[in-house]
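Visitor: Let me give you the structure first, and then I'll get to my questions.
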Amino acid sequence: EAVPPEAEPPVAGAQDAGTIETTYPTPVCPDGSPEFGLPDETESAPPEPPLDLPTRLARADVAKGERSVSKCAVCHTMEKDGPVRIGPNLWGVVGRPVAKAAGFSYSDGMKEKGEKNGSWVPNELDTFLTKPENVVPGTRMIFPGLPDQQERANVILYLNTQSDNPLPLPKAPG
């Protein structure tokens, strides 16, 4: 039976000035790549089966949503009457008409979405935040999206608290 490379003992090298140099064999995959036995950093737990938004909102955590929204703070402000940055201010975004934040110049794609979809209701935000460029072709928003469905619910719950008039959110069935 062959001993895997990572199980081989260290090999003593040449002695020089009273020191011993020890080397370890580099683990090698059968295909010759040097990453045998190392975890694949791109692997993650399998995604949770899709859940409806009301169920995810019932499980949502405002504090987690606030932490996730920090990703948005590069381009957006959250506070009431906050300035426009690269993107519009997000105070009151839940329930706000699409492409209608004061002082922001929207892309044609976003204006078109506003004409078709009206307001940023939770379901619209959930779909958009998954991958903005897939929902609004031509958007200037370069954010890659939030593929984790629960993270999106956390964000929507948090954003809904950032309003003078938070919307009543959809309730989980049952």
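Visitor: Kindly establish whether E115 is assigned to a helix (DSSP H, G or I) and either surrounded by fewer than 17 Cβ atoms within 10 Å (Cβ to Cβ) or in contact with a strand residue (DSSP E or B) (Cβ under 7 Å, 6 or more places away or on another chain) (or both).
Guide: So E115 passes the test.
Visitor: Please state which one of A172, A101 is part of a loop (DSSP other than H, G, I, E, B), modelled with pLDDT under 95 and either of a type in the set (K, R) or surrounded by fewer than 16 Cβ atoms within 10 Å (Cβ to Cβ) (or both).
Guide: Residue meeting the stated conditions: A172.
Visitor: Please identify the pairs in which a residue from segment 121-143 that is surrounded by 15 or more Cβ atoms within 10 Å (Cβ to Cβ) and of a type in the set (D, E, K, R) has its Cβ atom under 6 Å from the Cβ atom of a residue that is part of a helix (DSSP H, G or I) and at pLDDT below 95, counting only partners at least 6 apart or on another chain.
Guide: E124/N117
The values are calculated or read from the model by the stated rules, or taken from the named source; none is laboratory data. Nothing here was measured: the structure is a model prediction, and the numbers come from that model. Here the Cβ is made from the backbone with ideal geometry for all residues, glycine too, and neighbour counts use every protein chain on show.
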